[in-house]
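Values quoted throughout were computed directly from the atomic coordinates according to the rules given, and no laboratory measurement underlies them. It should be emphasised that the depicted structure is a prediction, and the values quoted were computed from it without experimental measurement. Virtual Cβ from ideal backbone geometry, glycine too; neighbours counted across all protein chains shown.
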Amino acid sequence: MIIDMNEPKPDGRPARRGRPRDPRRGRAILEAARAVLAERGFTGASMEAIAQTAGVGKDTLYRRWDSKEQLVQHLLTVLADEGIPQRPPDDDPRAGLFLFLQDIVRLNTESDFGAIVAGVVGESARNPELASGFHAFWVDRRRFACEYVRGIVGVDASAHKIERIVDQVVGPIYYRLLLSGDTITNEYLWELVMSIPSSDDDSPRPTIKARYPQSSLPSNFSISQPERHP
């Protein structure tokens, strides 16, 4: 993914004028922030450590982000955008939501995204600026889930109903990821998806394999069980 380091700052203000920024340096800084945050957590990470790991001066970081909180918010957005799944070919909202839930599991178990998020969640209770930035990040992220849920329950559903259903579907996943550590299989994700009522709720609810036989699955649709990493 190409990161435009000349884009506006996270607070909406334009980037400072001057010599054009080297995008390679911007990517190096974000990769360094990713490594330091995954290893030390938000509290243990410092702008000095990130700058040293990236091989730049600390002033270089502050020319792009006014604080560590803004840098972390930007990093989370970049990492999450890299993993947004494509819509299934048949545009089925249940399949789209299933792919979205799979992506949550993948990001949190197969990359350092989960470790970074866990640190941010813990610190947000004590850091209003970080909490505000993380809230904005999650609102933007969950709009995909809301879109799929609305496609399932119907366009006439209220925003409150959509939000409640998203909480009921996504909440158990993060409970297992962040608290219980219980295994998350694709069958479990599919059960969450199929628990959402629709306008034709009287119709039979197929199992994941009945709804999507392996031979007819789109190329980006997998029913293999996500790996759990220690």
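Tally time: how many residues in region 114-172 are among the hydrophobic types (A, V, I, L, M, F, W, C) and free of Cβ contacts under 8 Å to residues at least 24 places away in the same chain?
Step one: of region 114-172, the residues among the hydrophobic types (A, V, I, L, M, F, W, C) are 115-118, 120-121, 125, 130-131, 134, 136-139, 144-146, 149, 152-153, 155, 157, 159, 162, 165-166, 169-170.
Still in the list and also free of Cβ contacts under 8 Å to residues at least 24 places away in the same chain: 125, 131, 138-139, 146, 155, 157, 159, 162.
Qualifying residue count, region 114-172: 9.
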- Go through (1) loosely packed, with under 14 Cβ neighbours inside 10 Å; (2) within 30 Å of Gly44 (Cβ to Cβ) one by one and return the number of the condition Gly114 breaks. (1)
